[in-house]
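The values are calculated or read from the model by the stated rules, or taken from the named source; none is laboratory data. All values derive from a computational prediction rather than experimental measurement. Heads up, the Cβs are rebuilt from the backbone with ideal geometry, glycines too, and the neighbour counts pull from every protein chain shown. Just the protein is used for accessible areas: all its heavy atoms, side chains included, with ligands, DNA and RNA removed. Shrake-Rupley method; radii C 1.70, N 1.55, O 1.52, S 1.80 Å.
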Amino acid sequence: MASPVAAAKLIDHGSHYDSESSTATTWKTYQYSANYIIVKMKTYQKGKIKDTSTITIKKVSAKKLKLVQVFQTKEKNPDGLMSYFYVKGTTYLKYSSNARKFYYNEIRPGLLEGSLWSVS
């Protein structure tokens, strides 16, 4: 018999409004364990969803984190047709603490300022 999947716990949420671009970003952060965090973001413009992003933070060894970032958006072209974009990036970082601390120390401050966090 298979064991049940661990329930996700909402540990943080919020929003930020950017008056320059007239966009609002909301986020919800879920914790499956101290070493497995998922951040889900939505950006709105004129009341409609403009794009969605997900950041998955997972501790994969004693001194390494794996970050998977997924970005999805759609926009109407000048010819009236829709274009859909999907970008996925995976990054490994040296980090000795857990995924929860990485979220609160590195990602959350950027969300509060309105700058989406990304790894180069």
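Key figures for this structure:
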{"item": "The chain - percent of accessible surface contributed by carbon and sulfur, probe 1.4 Å", "result": "52"}
{"item": "Sum of side-chain charges, Lys42 neighbourhood, beta-carbon under 12 Å (Lys, Arg +1; Asp, Glu -1)", "result": "+3"}
{"item": "Extension gain from Glu106 to Lys58, taking 0.36 nm per residue of separation minus the Cα-Cα distance", "result": "15.9 nm"}
{"item": "Sparse-neighbourhood loop sites, trypsin sites (Lys or Arg not before Pro) in segment 14-120 - DSSP loop, at most 12 other Cβ within 10 angstrom", "result": "Lys46, Lys63"}
{"item": "Cβ-placed point charges (K, R +1; D, E -1), dipole of the chain about Cα centre in debye, nearest 20", "result": "560"}
{"item": "Full-extension gain in nm, Lys74 to Thr90, via 0.36 nm per residue minus C-alpha separation", "result": "3.6 nm"}
